[in-house]
Amino acid sequence: MALSRVVPEFLVQFGIARDVDLRSEWSDSTFHDDVPTEYLKFEPGYVSFAGNGPDSRTTEIFIVMPGTGQEQLDYLGENSWETPFAVVQGSDSDDGVLTRIYSGYGDMPPEGKGPDSARIYDIDGYDYLAENFPNLDYIERCYIVDEEAGVVSDEF
């Protein structure tokens, strides 16, 4: 899965499947927002669904990057579609795993020169990425880890 939006000191976003059929199946699906609870303050490494309005969350998620300013961290989570549900271990340092992600393309248009996420949903979306954004990083495998039980699943 392509790490298709990488904005240093802000976020890395991904979640558009490489598999065309899977991508098509989920392209118009949205998820309801979480029920509001106690406000959770975002920190670098926190993972949340991406959205742009109430009940607009899709398969795309984001991770807060190291170096994100306090004003931005305070703003994240104020909207009901932004609720952290995981954390990337070792991601809060200036030399952690998130700082190794290629960020040379910047944000998506019109703010940056990165991939247009709507274009990735097209049938040739991953060809578009390979041809125009050869330096993107990808997730090849994901593990769910429970601190007490260890690796719970590696079937992703």
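Annotations
- Arranged from fewest to most other beta-carbon atoms within 10 Å of their beta carbon, Y126, Y138 become Y138, Y126.
- The mean of 1/r over all distinct Cα pairs in segment 11-134, once inverted, gives the Kirkwood hydrodynamic radius of 15.6 Å.
- Per-residue Cβ neighbour rank within 10 angstrom, fewest leading, L3, L40: L40, L3
- Ordering R5, R23 from the fewest to the most neighbouring beta carbons within 10 Å gives R23, R5.
The numbers here are math on the coordinates, done by the rules we state, and not lab data. None of the values given here were measured: they were computed from a predicted structure. FYI the Cβ positions are ideal-geometry reconstructions off the backbone, even for glycines, and counts take in every protein chain you see.
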